[in-house]
Each structure stands twice: as structure tokens, then as C-alpha cells.
Amino acid sequence: MSVVLTLILLVAVVVGTYVVCYNSLMAAKFRVDEAWSGITVQLKRRHALVPNLVQAARTALGHEQAIVDKIVSARAAALEALASERHADIAKAEAGLTQALGQLIAYTEDNPEITATENLVVLQKQLEETEDQVAAARRIYNGNVQAYNTRAASIPWNIVAGINGLRPSEMFTLDEAEMKAISKDPTLDGLEMAVPGRNEKG
């Protein structure tokens, strides 16, 4: 085999390997981005439920307005954090919202006359369902992040990733303190978010 043919075959192998690795990395990265979108959709749905919940709670709670005010402030912080797209900030803000909502749920459970308010009960049920959806989205996201990061760190994908400036993606998880805060309320423990991803846009 001539030297020229050998060089052509070598270049073809290198280029082919590069293209395959690049395409597989981009596909994995796309799945990460898509999964993050899933988390943000569920978080926005969660945030959208809060105003109605607050309105119902204002009527039902009467003098316990401090709980409602805390929820309102926590929601505002969560909206601001989500707009920043910084996972750590989102995680912290969502943990604060979870804690505030947990206080409301704990209070209503201790006061049966409040749980008899049908509208409030319906909203709490919708909120719990949304928490489950957030948790599922976070699990999907983190699974995709793990798959992408593992591939991007392996040979020869790491070479292609380095050439194209593809950095590892960040998990969406709670730190220890925030996990403890959320786990105090068993009805919201599934959120696991303080979540950065429950990021479950895993």
C-alpha cells in the first residue's frame, strides 16, 4: 500500500471518528437541554399555581397572614432565580418556596376546618401533582447529564469536546442543608430540589 493511500485512509479514519464523536456529543447535549426545558416547564407550572393558592389561603387562614406573605416572597425569589438560569440560584430559591408551602400544608393539616375549604384542597392536590412532575423531570435531566458528562470525559470524546469547548453540564440537586429543610415536610419530600436540578427542566 502506498504512503499516499495510507495517509488518505488515516485522515479518513480520523475525520470519521471526529464526526461520529461530535454528533454523539451534540445529541447527548441536546437531550440535556431538552430535559432542562422539561424542568423549567414544571417549575413555571408550579409558580403559576401559587397565586391561586395564596388567594384561597388568605381567606382560609385569617390571622395567619405571615405564612401567606412568606409564600408570596418565596415565589417572587423563585421567579427571579428561574429567569437567571443559574442552577444553584434556582435550586436555592425553589427550596425556599418548598419550605414556605410546607408550612402552609402543615398548618392546614393541624386545622381541619381549613382543609374543609374545597378550593384550597383542590389547589393543594394540584400542587402535590406538580411536585411529582418536577421530581420526574429532575430525574430525567440528571440522568441525561450523567450520560453526557461520562461520554464527554471518555476517550476519544473528550478530545472532540475539548476542541469544541463543550463543558460538563451541571446536575440539579439539593445541598445537604436544603435537603434537610425540605425533608421536614414529608408531603413535599419528593421534590428533592434545592434542588440545578426534584432539576426532576431528572
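The values are calculated or read from the model by the stated rules, or taken from the named source; none is laboratory data. For clarity, every value in this text was computed on a predicted model and none was experimentally measured. Glycine gets a Cβ as well: all are built from the backbone with ideal geometry, and neighbour counts include every protein chain shown. Just so you know, the surface numbers come from the protein's heavy atoms only, side chains and all, with ligands and any DNA or RNA stripped out. Shrake-Rupley method; radii C 1.70, N 1.55, O 1.52, S 1.80 Å.
Tabulated data for the structure shown
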read-out	value
Breaking point among (1) open to solvent by 30 Å² or more (accessible area, probe 1.4 Å); (2) farther than 27 Å from Ser169 by Cα, for Leu123	(1)
Any hit, the stretch 163-177, residues being open to solvent by less than 40 Å² (accessible area, probe 1.4 Å), at pLDDT below 75, among the hydrophobic types (A, V, I, L, M, F, W, C) and in contact with a Gly (Cβ under 6 Å, 6 or more places away or on another chain)	no
Considering residues of the stretch 142-162 that are in a helix (DSSP H, G or I), of a type in the set (A, V, I, L, M, F, W, C) and open to solvent by 40 Å² or more (accessible area, probe 1.4 Å) only, the residue farthest from Val14 (Cα to Cα)	Ala147
